[in-house]
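Every read-out reported here was derived from the displayed coordinates using simple, explicitly stated rules and does not represent laboratory data. These figures come from a predicted structure and were not determined experimentally. Neighbour counts are summed over all protein chains in view; Cβ atoms, including those assigned to glycine, are modelled from backbone coordinates with ideal geometry.
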Amino acid sequence: MRRYRVTVDPSRPESFLPDLACALSDQSNWLAEVGRHEDALTAIDEAIEHYRLLAEAQPKVFLPDLANALNNHEMLADLVHHEPLKTLLVSARNRLGALDRRQREDTVRSAG
């Protein structure tokens, strides 16, 4: 992960941010498979932050990845019984719903 974090240009997050988010999501899955649920949560939390930024800029491309990361987060949160994380998930889902509604509204406007 360090290689991705070092190469992400803060002025151009689109350059490597998708790869970093994907790598963090994969890392979370691998950590969960070996029983390191707390570490897996940390990785998926960071992936969600990145996917959220990406989905705001390009919802059609990154909303599915954000939704998948949120689903993984929910499963991990259930494993470690973190109620504050579930609250974060509900908030993130609400924001995702708002993004989806805006995208549908934009599609209807551009079609009309």
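What to note about this one:
- Sequence-ordered 3J(HN,Hα) estimates for region 27-39 from the Karplus curve with 6.51, -1.76 and 1.60 and θ = phi - 60° stand at 4, 4, 4, 5, 5, 5, 4, 9, x, 8, 5, 4, 5 Hz, glycine and proline given as x.
- Using a Förster distance of 30 Å, the FRET efficiency for Glu33-Ser91 (Cβ separation, nearest 0.05): 0.65
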